[in-house]
Every structure is written in structure tokens, then in C-alpha cells.
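A.B. asks: Before I ask anything, here is the structure I am working with.
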Amino acid sequence: MSLPGVGERTVRLAPHRQLEARMAVGAARLLVKLKPGRLRRVLTVLSRGARPAGRERALYARQAAISVSVRCAGLGCLQRTVAAVLLCRLHGEWPDWCSGFRTRPFGAHAWIEADGEPVGEGQALDAFRTVIAVRAQPARAGRPLRAEEGARHGHG
């Protein structure tokens, strides 16, 4: 990805929140090594059953990742956004994770959105075409359990 973070704002984290953020950043560092299709599939699985993240939670998660990682605070938009969605998921929420490109000048970028708007992005993303997006997938009320889910939960 190619867009630098501009004047990224960090947050002061309590020790347990700092540990969460470091773990999310570490997991994100491994996940971003996956091929794009596989990364999308992994994030899709992780997003299942999560509530859509609010703007405040998404921004806090983004800032927490930046606070504990120089890479996330700089050119590491992919790792920053994956870490942010992982942090949100720890609290049962999921912001929309997006990745895309622009042609003039060429650039690739990853970002998160809440309520359909980019979170924490200093520049307009209008020129970017979203190629991959992983949106929140809340659990459906009254959804019947699949056979393997029922067996795991002692049903049937």
C-alpha cells in the first residue's frame, strides 16, 4: 500500500489495552502476508456475528494500533487496518474493511469505514476504487443451527 499516514494521533493506553493492541498488531503483521483472496476470506470469517462498529470504536482501534506500532503509524495502512478490525472484533464489533486503488497517480490503500464513511483518513478517498471490502455480518436472529454447530453446542 502506498499512502502515508498524515499527522496520526495516538492515544494513551492502559496496560491491558496496550497488550491487546500489540497482540492485534502482531496478528495483523502475519495476516497481511497472505494473498489478497485468502486475507479477504480470513477477515470474512472473523467478521461473522459481529455488530457494525461505531465511528468512535473504529477510530479508537485505529489510534491504538498507531500508538503501539511505528509501521502502523507510517506506510503500513494494510497492517494498521487489519489490526484495527481485530481490535474492534475483540469487543464484538466490526468496521467495514476496505482495500482499493486509484489510477492517477497510481496508489493502493487500505482503510476502515463506519457508517459508510472512512475513519481517520486525512485525505479524500473519492479517487480510490474499492476492490475488496469485508463488511460486518451480524448474526441473524432465529437462524437455525447447522448440523455441525448443533453438535458442538450439545444439540442433537
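What follows is calculated from the coordinates using simple rules that are stated; it is not laboratory data. Please read all numbers here as calculations on a predicted model, not as lab measurements. Cβ atoms come from the backbone with ideal geometry, glycine included; neighbour counts cover every protein chain shown.
A.B. asks: Return the long-range amide H neighbours of Leu75 (sequence gap of 5 or more, or a different chain), with a cut-off of under 5 Å between placed amide H atoms.
C.D. replies: The list, which skips near neighbours in sequence, is Gly5.
A.B. asks: Sticking with this structure for a sec: Translational diffusion coefficient of region 4-99 at 25 °C, 0.890 mPa s, Stokes-Einstein with Kirkwood Rh over Cα pairs, in µm²/s as a whole number.
C.D. replies: D = 187 µm²/s.
A.B. asks: Roughly what would the spin-label model give for Val42 and Val131, points 7 Å off Cα along C-beta, in nm?
C.D. replies: Output for this residue pair reads 1.8 nm.
A.B. asks: Based on the mean of other Cβ atoms within 10 Å per residue, sort peptides 10-20, 36-46, 89-99 so the most packed one is first.
C.D. replies: 89-99, 36-46, 10-20
A.B. asks: Which cross-chain or sequence-distant (5 or more) residues have an amide H under 5 Å from the amide H of Gly107, H modelled 1.01 Å from N in plane?
C.D. replies: Arg102
A.B. asks: To continue, here is another question. Sort 70-79, 53-62 by the packing proxy (mean of other Cβ within 10 Å over each peptide's residues), most packed first.
C.D. replies: Per-residue Cβ counts within 10 Å, averaged per peptide and sorted highest first, yield 53-62, 70-79.
A.B. asks: Among Thr81, Ala14, Gly37, which residue has its Cα positioned farthest towards the positive end of the charge dipole of region 4-83, with +1 placed on the Cβ of Lys and Arg, -1 on the Cβ of Asp and Glu, and the dipole taken about the Cα centre?
C.D. replies: The listed residue farthest towards the positive side: Gly37.
A.B. asks: Which residue, chosen from Trp97, Leu125, Ala108, occupies the Cα position most advanced towards the positive end of the dipole of region 86-132, where the dipole is computed from +1 (Lys, Arg) and -1 (Asp, Glu) charges on Cβ about the Cα centre?
C.D. replies: Ala108
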